[in-house]
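Below is one structure, written out as structure tokens; comments come after it.
The values are calculated or read from the model by the stated rules, or taken from the named source; none is laboratory data. This structure is a prediction, so every number in the text was calculated from the model and none was measured. Don't worry about glycine lacking a Cβ; one is built from the backbone with ideal geometry, like all the others, and counts go over all protein chains shown. Each accessible area value is taken on the protein alone, full model and side chains, heavy atoms only, with ligands, DNA and RNA left out. Shrake-Rupley method; radii C 1.70, N 1.55, O 1.52, S 1.80 Å.
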Amino acid sequence: MQAKIKRQEFNSITDADLSTKCFEPLIKHYKKRMAEQTDSTQMKEQFYEELTEGQRALFMFYAYYIHVSKSSIEFFWWSAYFIAQPKSWSAIKAALKFFEDTNMLILLEKIELILKQHQFPETLESFTITREDLANNKELYATIQSLYSVFEDTSPLTIKNINNIIEKNLKDFVEIED
């Protein structure tokens, strides 16, 4: 499944917006299919399989990034949520490997380690994490704040790197229509 963008629209995209413009058609299609399905797990896997390797990496990175970038509390909760879904968490880390982003990958591995040390659930079946859990643990709060600060510094570089890779491999991410 190729994301399609009209040439006129594509020509007006700035370098900084390239990855988000390639992600938008994917997430719209994903949400539309989610609304139509009763078995979301099967639909998610089928959708994912239809993407190119580059689109998979882009989709998983932005699925994570959009949620965690809002605040340190969201960074904490959504990281725990994705970690409790081993396939999704592995796909996010694979995305960073695809985009050759070692710094962000190391950060995610640190988050994973910290959450495991605090015995957070590793499956959704046992997932009872609340956003308030962070405020109730001062040590964890300080660590998450520090990691979130690194995330805020690292993510613009990650996105710049993703944009550069998309530019060099445009046909793997988007189809430009006349």
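Some notes on this structure:
- Debye intensity ratio I(q)/I(0), log10, region 74-159, q values 0.16, 0.19 Å⁻¹ (C-alpha model): -0.61, -0.86
- Scattering profile of region 1-87 at q = 0.21 Å⁻¹ [log10 I(q)/I(0), Debye over alpha-carbon scatterers]: -1.14
- Within the accessible area of the chain, the carbon and sulfur atoms contribute 49%, probe 1.4 Å, all protein chains present.
- Full extension of the chain between residue 160 and residue 39 gives 40.0 nm of extra length, using 0.36 nm per residue less the Cα-Cα distance.
- Taking the empirical scaling 2.2 N^0.38 Å for compact globular proteins as reference, region 84-134 has a Cα radius of gyration ratio of 1.24.
- Karplus-derived 3J(HN,Hα) values for region 47-54, using 6.51 cos²θ - 1.76 cosθ + 1.60 with θ = phi - 60°, are 4, 4, 5, 6, 7, 6, 4, x Hz; glycine and proline are entered as x.
- Averaged per residue, region 1-113 has 52 square angstrom of accessible surface, using a 1.4 angstrom probe with ligands and nucleic acids left out.
- Taking 0.890 mPa s as the viscosity and 25 °C as the temperature, the Stokes-Einstein diffusion coefficient of region 120-178 based on its alpha-carbon Kirkwood radius rounds to 162 µm²/s.
- Site pair residue 128 and residue 8 shows an inter-label distance of 5.7 nm when each label is modelled 7 Å from Cα along Cα→Cβ.
- For the chain, convex hull volume per residue from C-alpha positions, Å³: 114 Å³
- Working note: Karplus 6.51/-1.76/1.60 with θ = phi - 60° gives region 134-150 the couplings 5, 5, 8, 9, 4, 5, 4, 4, 4, 5, 5, 4, 5, 5, 5, 4, 4 Hz, where Gly and Pro are set to x.
- Long pairs among 70/138; 70/110; 4/32; 6/70; 6/97; 116/160, criterion Cα-Cα beyond 27 Å: 6/70; 6/97; 116/160
- Amide hydrogen neighbours beyond the local backbone of residue 175, cut-off 5 Å, H modeled: 3, 4, 5
- Charged-residue dipole, Cβ positions (Lys, Arg, Asp, Glu), region 44-110 about Cα centre, Debye nearest 20: 200 debye
- The helix-based estimate of mean residue ellipticity at 222 nm for the chain, built from -39,500 (n - 2.57) per DSSP H run of four or more residues and divided by its residue count, is -23000 deg cm²/dmol to the nearest 500.
- With the highest mean first, a sort of the peptides 145-157, 92-104 on other beta-carbon atoms found within 10 angstrom per residue produces 92-104, 145-157.
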